[in-house]
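Here is the structure we will look at, set down as structure tokens.
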Amino acid sequence: PLGRVAVKLADPADPVVCDLPDFELTDEVYGDLDFAHPVRPLLVAQAAGGDWQPVVWKHAVGKGRVVVDTLGHDVETFSHPIHGRVVARAALWAIGRPDAEVKRT
């Protein structure tokens, strides 16, 4: 169900989320995800059951880069300034921009 969701940085040193604060928005959080491959969580949010679940993560596959963002169940998600920066930085990381360039976005 939609509701206020607290979102925290899972890896504050990662260039996709570095220097960004924790934030809240209206959304829905999926719980008990089962990952087929190791992923690097970037943001976590509290699911209805109280457990913190990854909501944005990245994964490298060979020369490819994948970013998954499960947020987006409410229009606020797309207009939220911090989430918008995460999406922009994640896109830059996915296309292979150097970390120093990602940090400046």
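The values are calculated or read from the model by the stated rules, or taken from the named source; none is laboratory data. What you see is a predicted model; the values in this text were computed from it and never measured. Every residue, glycine among them, receives a Cβ derived from its backbone with ideal geometry; neighbour counts consider all protein chains shown. Accessible surface areas use protein heavy atoms only, side chains included; no ligands, DNA or RNA. Shrake-Rupley method; radii C 1.70, N 1.55, O 1.52, S 1.80 Å.
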Give the calculated FRET efficiency between Leu2 and Ala60 to the nearest 0.05, with a Förster radius of 25 Å applied to their Cβ-Cβ distance.
0.20
Gaussian network model of the chain, springs between alpha carbon atoms under 10 Å - residue of Ala45, Ala36, Ala60 with greatest fluctuation:
Ala36
Give the longest segment of the chain that steers clear of chymotrypsin sites (Phe, Trp or Tyr not before Pro) in DSSP loops with at most 14 neighbouring Cβ atoms within 10 Å, not counting the sites themselves.
36-105
Which value in deg cm²/dmol, rounded to the nearest 500, describes the helix-derived mean residue ellipticity at 222 nm for the chain, given -39,500 (n - 2.57) per DSSP H run of n ≥ 4 and division by the residue count?
-6000 deg cm²/dmol
Relative to the longest principal axis of the C-alpha atoms of the chain, give the angle of the C-alpha long axis of helix 81-94, reported between 0 and 90° and rounded to the nearest 10°.
40 degrees
Which residue fluctuates most in the GNM of the chain (Cα springs below 10 Å): Leu20, Leu92, Leu33?
Leu33
Please label the shape of region 8-50 as rounded, prolate or oblate, based on the square roots a ≥ b ≥ c of the eigenvalues of the alpha-carbon gyration tensor (a/c under 1.5 means rounded; beyond that, a/b larger than b/c means prolate, else oblate).
oblate
Which percent of the accessible heavy-atom area of the chain goes to carbon and sulfur, probe 1.4 angstrom?
56 percent
On alpha carbon coordinates alone, what is the Rg over Rh value for the chain, Rh being the Kirkwood radius?
0.95
For the chain, what is the accessible area per residue in Å² when the probe is 1.4 Å?
56 Å²
Quick query: amide H of Ala6 versus all other amide H atoms, modeled in the peptide plane; which residues come in under 5 Å with a sequence gap of 5 or more or a different chain?
Gln46
As an exercise, identify the trypsin sites (Lys or Arg not before Pro) in region 1-101 lying in DSSP coil whose Cβ has no more than 10 other Cβ atoms within 10 Å.
Lys63
